[in-house]
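Every number here is computed from the coordinates shown, using simple stated rules; none is lab data. Since we're looking at a predicted model, the values are computed, not measured. Glycine also receives a Cβ, built like all others from the backbone with ideal geometry; neighbour counts cover every protein chain displayed.
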Amino acid sequence: MRLIETKLKDCFVVEPNVFADDRGYFFESYNEEKFNKALGQNINFVQDNESFSSKGVLRGLHFQKGEFAQAKLVRVIKGEVLDVAVDLRPDSPSFGKYESVVLTGENKKQFFVPRGFAHGFVVLSDTAIFSYKCDNFYNKESEGGLIFNDKTLNIDWKLPESECLLSEKDKILPTFETLF
């Protein structure tokens with residue numbers, strides 16, 4: 001496993017060691033001891049989530065506030081997504097910046113998004129199965145969000161806005177400026 005730094009402080013792309021031959025492949029998708037050693041922190045994931053989505057589905061940008069903030073380790077089991085993290089930590093040198101990573105069932109890359117970040121993804125393939133580990137339990141009263149097409153952030157989602165399919169809740173999320 002290799003951690004690759006991003007332009008966002010504390011946010012990493014994780015490349016697992018994949019062993020492939022003519023029979024298929026094997027890789028260790030998560031090992032707590034190796035992950036925490038590489039990260040230099042002790043992250044204890046307590047909840048796994050999975051979603052299935054069609055092309056153009058955009059989920060995000062979401063976060064949990066306060067004591068229910070969550071770090072996430074995300075990956076794609078099947079398909080292709082553009083995964084995005086936005087640093088919402090006012091004291092961070094990368095505050096207000098975003099990072100995007102293409103995650104696929106083929107490249108097997110993962111993205112570690114620490115607490116204090118908004119997170120979202122859009123499906124680029126016909127369908128995708130998306131999986132993520134969280135280090136804290138979900139709490140409905142602590143959920144927050146940021147509108148995907150925020151002009152301050154200017155995120156390139158790799159799809160025209162007209163092709164992005166959002167939930168009713170995600171269509172009315174606040175802008176970055178109104179959060180801060």
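A compact table of results
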read-out: Calculated FRET value between residue 152 and residue 20, using beta carbons and R₀ = 30 Å, to 0.05; value: 0.10
read-out: Prolate/oblate/rounded label for the chain (Cα gyration tensor, a/c 1.5); value: oblate
read-out: Gyration tensor verdict on the range 73-175 (Cα atoms; rounded if a/c is under 1.5, prolate if a/b is larger than b/c, oblate otherwise); value: rounded
read-out: Rounded FRET efficiency, nearest 0.05, which uses the C-beta distance separating residue 28 from residue 127 and R0 of 25 Å; value: 0.45
read-out: Burial ranking of peptide ranges 163-174, 110-121 (average Cβ count within 10 Å, highest at the top); value: 110-121, 163-174
read-out: Selection from 52, 165, 142 lying farthest towards where the dipole of the chain points positive, charges on Cβ; value: 142
read-out: Sorted by Cβ density within 10 Å, fewest first, the residues 3, 73, 146; value: 3, 73, 146
